[in-house]
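So the structure is just underneath, and the comments pick up after that.
The values are calculated or read from the model by the stated rules, or taken from the named source; none is laboratory data. Note that this is a predicted model, so its numbers are computed, not measured. For neighbour counting, all protein chains shown are included, and Cβ atoms are generated from backbone atoms with ideal geometry for every residue, glycine included.
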Amino acid sequence: MSIVLGIYGENARRVPVTVNRRTRDTISLCKSLAERRRTGITPVIGEFKRSSPSGFHLSNNMGLSAYIQKLTELKVAGISVLTEPKYFLGSYSDIEEAQSFGLPILAKDFISNEQMIRSAYNSGADAILLILDFLSKVDVTNLLDFACKLEMESLVEFHDPRFLVNYEPCDSCMLGYNRRNLITMRIEDNTMEIIDLLHGIPGPKILESGLNYGSIDRNLEREFDGFLIGTSLLERQEAKR
């Protein structure tokens with residue numbers, strides 16, 4: 001069994017956040033990305049994680065608040081916060097801490113039930129991640145509906161294009177192509193072929209994984225509405241310490 005399938009299998013045992021710790025209303029990540037594009041700024045979602053099964057480990061004990069402060073200076077459109085505790089060393093409390101910066105927050109996790117969405121909302125998240133490769137079409141639809149009722153947006157990602165059949169665009173949705181195969185944890189870059197598949201699908205498109213901040217190809221900037229960048233941004237800030 002892959003690590004990711006194992007994470008999904010443990011979701012039912014996750015401790016929920018039942019107390020509403022929100023300090024503000026939800027903020028639209030879609031609108032923030034569009035505003036960056038309108039003003040000529042590369043629309044980046046900066047990701048915070050402490051560890052990853054792909055081999056990344058955050059050194060120097062960089063704190064979340066210090067990192068997000070650096071991202072605000074880079075004028076990122078939003079923050080992606082890993083909340084999975086076992087392999088990514090994340091926590092819902094990281095979302096709670098990130099609220100004070102006033103940026104849209106994406107709760108990045110392997111969400112498979114409404115309880116996890118409620119926990120993300122109660123912690124202060126504005127958007128959730130759903131992964132088409134591991135969820136049925138019925139599950140995706142139900143989870144999207146539940147998030148929408150909470151006035152949250154959803155980044156619905158895929159790696160294997162065969163699972164695009166489980167996606168139905170909605171007003172609160174962004175469609176992401178993750179270049180990392182979450183079974184093997186390897187980057188498998190089929191971006192140019194995927195671009196052809198995405199033409200005609202309405203809504204914002206996000207490119208994820210294996211991206212370097214400050215060196216995104218202009219052709220990709222024309223094709224995608226946002227870029228989710230984690231490791232290279234974290235390593236960039238660590239090098240400055």
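Looking only at the stretch 194-241, filter to residues that are of a type in the set (Gly, Ala, Ser) and more than 20 Å from Ala77 (Cα to Cα); which one of those is modelled with the highest pLDDT? Taking the candidates together, the pick is Gly200.
Of all residues in the stretch 76-110, those satisfying the criterion of being assigned to a loop (DSSP other than H, G, I, E, B), in contact with a helix residue (DSSP H, G or I) (Cβ under 8 Å, 6 or more places away or on another chain) and touching a residue at least 60 places away in the same chain (Cβ under 8 Å) are Ala77, Glu84, Lys86, Tyr87, Leu103, Pro104, Phe110.
Residue-by-condition table, conditions (1) on the phi < 0 side of the Ramachandran plot; (2) of a type in the set (Val, Ile, Thr); (3) assigned to a loop (DSSP other than H, G, I, E, B):
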| site | (1), (2), (3) |
| --- | --- |
| Leu5 | yes, no, no |
| Glu10 | yes, no, no |
| Pro16 | yes, no, yes |
| Ile27 | yes, yes, yes |
| Cys30 | yes, no, no |
| Leu33 | yes, no, no |
| Arg37 | yes, no, no |
| Thr42 | yes, yes, yes |
| Ile45 | yes, yes, no |
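Scanning the stretch 131-171 for residues that are under 18 Å from Ser28 (Cβ atoms), in a helix (DSSP H, G or I) and of a type in the set (A, V, I, L, M) turns up Leu144, Ala147. The condition of being out of contact with any His (no Cβ under 8 Å at 6 or more places or on another chain) and within 20 Å of Ala125 (Cα to Cα) holds for only one of Ser2, Ser54, Ser59, Ser80, that being Ser80.
Of all the listed residues (Arg179, Arg186), the sole one being over 21 Å from Pro202 (Cβ atoms), modelled with pLDDT under 95 and surrounded by fewer than 22 Cβ atoms within 10 Å (Cβ to Cβ) is Arg186. Within the stretch 111-122, the set of residues being assigned to a loop (DSSP other than H, G, I, E, B), surrounded by 19 or more Cβ atoms within 10 Å (Cβ to Cβ) and not aliphatic (A, V, I, L, M) comprises just one member, Ser112. Taking helices (runs of 4 or more DSSP H) as the structural unit, those lying wholly within the stretch 177-241 and holding at least 2 residues that are closer than 18 Å to Gly55 by Cα correspond to 231-239. Of the residues making up the stretch 187-214, those that are farther than 22 Å from Leu29 by Cα and either touching a residue at least 60 places away in the same chain (Cβ under 8 Å) or touching a Gly at 6+ places or on another chain (Cβ under 9 Å) (or both) are Ile187, Asp189. Every condition in (1) of a type outside the set (D, E, K, R); (2) over 21 Å from Leu130 (Cα atoms); (3) part of a helix (DSSP H, G or I) is met by Asn20 except one, and the failing one is (3).
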